[in-house]
Structure formats: C-alpha cells, structure tokens
Amino acid sequence: SAVISQKPSRDICQRGTSLTIQCQVDSQVTMMFWYRQQPGQSLTLIATANQGSEATYESGFVIDKFPISRPNLTFSTLTVSNMSPEDSSIYLCSVYVTDDGYTFGSGTRLTVV
Amino acid sequence: GENVEQHPSTLSVQEGDSAVIKCTYSDSASNYFPWYKQELGKGPQLIIDIRSNVGEKKDQRIAVTLNKTAKHFSLHITETQPEDSAVYFCAASIGGNEKLTFGTGTRLTIIP
C-alpha cells in the first residue's frame, strides 16, 4: 500500500497566523483527500485535490480558509489560514490506490492559542 | 449525501471475548465499506474492507459482514486482546477515488 509522509506532525500556532501542512506519497496518485478530525470526533472531508485542477471543497469549507496546492502526482499541501482556537484539530491527508483502498497519513496535530 | 451511523460509541469487553460494532449507511450507491483502527496519536489504519458484491470477509480474528438490502455492515473481533483497544471507524464510499464518509467511531476497551 502507499506510504504517506505528513509534516509537521504537530504544531502550536498563534491565532491569526497560517500553517501549511505537507503530504508526500511514495507513488503517483490521481486524487488526494484532506480531512479534519476535531478532538474526540470522527473524520470530516475538507476537500479533494486533483493534480492540475482546482480542489473541490465540501460544504462548510472554503478555499480562502483552506487553500490547497497539488503541484504533482505525489505531493499536496493544505494551508490553514487566519487561525483561531476553533481550528485546533488533527489534519490528515489520504490517498486511494486500487486494490489497497484508502491510506492515511499519520496526521498533523494543530493547537491554536 | 451519504450518512453513516455507528453504534455503540463505547464498548468494553473482557479479554478473550468477542466485540461487535455496527454501522448503517443511507446511500444505496455506496459499494465499498472499510473499517479503520485509530490508536492515540496516529492516523487511521485500514484493518479490513468489504465490497458490495461480497457478504462476508474474514482475516484471522477480524470479520466484516454486509447486508446491502438493510444497508448495514458490522465488524466482528474474536478472541480480543489488550492491543485491540483503540477507536474504530466504519466508512462508506461509492467507489475508488471517491470520498469516504465516516461513522462517528467506537472506543473499544479490552479489559485484561
């Protein structure tokens, strides 16, 4: 199955600042998915990133708050902009590989103070 | 859109006993149903999955059953061990490269 490297693993940020999370996959994939997991909660899809096109955002998530880049088939970034304490969550990237299903990175644990 | 419900939210089981977690889904187009185990501080790890053309799948102590008519699927863990303690999530998707919709999670505790 695909191996995903996600950075940083955790960070503590000041409110009003931005953080960019990186996701690197060891194989080429068409779609990359970004999820948010609020404390003690389930995973909610933020957006789907397809190489060479604009990301598709789920209801309740907007590009200005969560801009995504997808420069090639193995890499993507998610930026959490103008952060507030409500943005404190785990952010996870995921990919789908045929016959292997969906694999997740280890996540970025973000605390906004 | 798809809605996945998961029960129970917490489950405590004596070591060696069996654990069962149940999920229901709403979208009849869903045809892929994975189960994930998430340990503290880690990302979800796929433990077993099932596709809609199969009613049951087993991998050692873990099994998943699917009832497409009733739109529900279940995870069965037999001979539970302390290392099975974790949060388990079910999910549903309409197919490859489409988004996963997750259940609310079950915190499983194995009592030694």
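The values are calculated or read from the model by the stated rules, or taken from the named source; none is laboratory data. Since the structure is predicted, the reported quantities are computational estimates derived from the model, not experimental observations. In this analysis, Cβ positions are derived from the backbone assuming ideal geometry, glycine residues included, and neighbour counts consider all displayed protein chains. Just the protein is used for accessible areas: all its heavy atoms, side chains included, with ligands, DNA and RNA removed. Shrake-Rupley method; radii C 1.70, N 1.55, O 1.52, S 1.80 Å.
Normalised by residue count, chain A yields a Cα convex hull volume of 94 Å³ per residue.
Can you flag which of B:37/B:68; B:22/B:71; B:22/B:42; A:7/B:42; B:57/B:99; A:7/B:99 are past 18 Å Cα-Cα? Listed pairs above 18 Å: B:37/B:68; B:22/B:42; B:57/B:99; A:7/B:99. At a Cβ-Cβ separation cutoff of 4.7 angstrom, cysteine residues of chain A with no neighbouring cysteine are A:13. Once the convex hull of all Cα atoms in the protein assembly as shown is built, its volume per residue stands at 118 Å³. Rolling a 1.4 Å probe over the heavy atoms of the protein chains gives the protein assembly as shown an accessible area of 48 Å² per residue. With a 1.4 Å probe on protein heavy atoms only, work out how much accessible surface A and B bury together, total over both chains, in Å² to the nearest 100. Counting both chains, the buried surface is close to 1500 Å². The stretch between residue B:72 and residue B:14, if pulled fully straight at 0.36 nm per residue, gains 18.3 nm over its current Cα-Cα span. Taking the accessible area of the stretch B:1-97, probe 1.4 Å, and keeping the other protein chains in place, the carbon and sulfur fraction comes to 46%. Taking all protein chains as shown and a probe of 1.4 angstrom, residue B:101 keeps an accessible surface of around 30 Å².
Taking a straight line from the alpha carbon of residue B:58, these aspartates and glutamates sit under 12 Å away, with near neighbours fewer than eight places off in the same chain left out: B:49. Relative contact order, whole percent, for chain A stands at 37, derived from Cα pairs under 8 Å and 6 or more residues apart. Averaged over the residues of B:97-106, the number of partner chain Cβ atoms lying within 10 Å of the residue Cβ comes to 6.
Largest GNM mean-square fluctuation across A:17, A:98, A:74, computed for chain A with C-alpha springs under 10 Å, falls on A:98. Share of carbon and sulfur in the accessible area of chain A stands at 46%, probe radius 1.4 Å. Summing charges over all other residues whose Cβ lies under 10 Å from the Cβ of residue B:41, with Lys and Arg as +1 and Asp and Glu as -1, gives +2. If you build a Gaussian network model of chain B, linking Cα atoms that sit under 10 Å apart, which residue out of B:31, B:97, B:53 swings the most? In this elastic network of chain B, the residue with the biggest mean-square fluctuation among B:31, B:97, B:53 is B:97.
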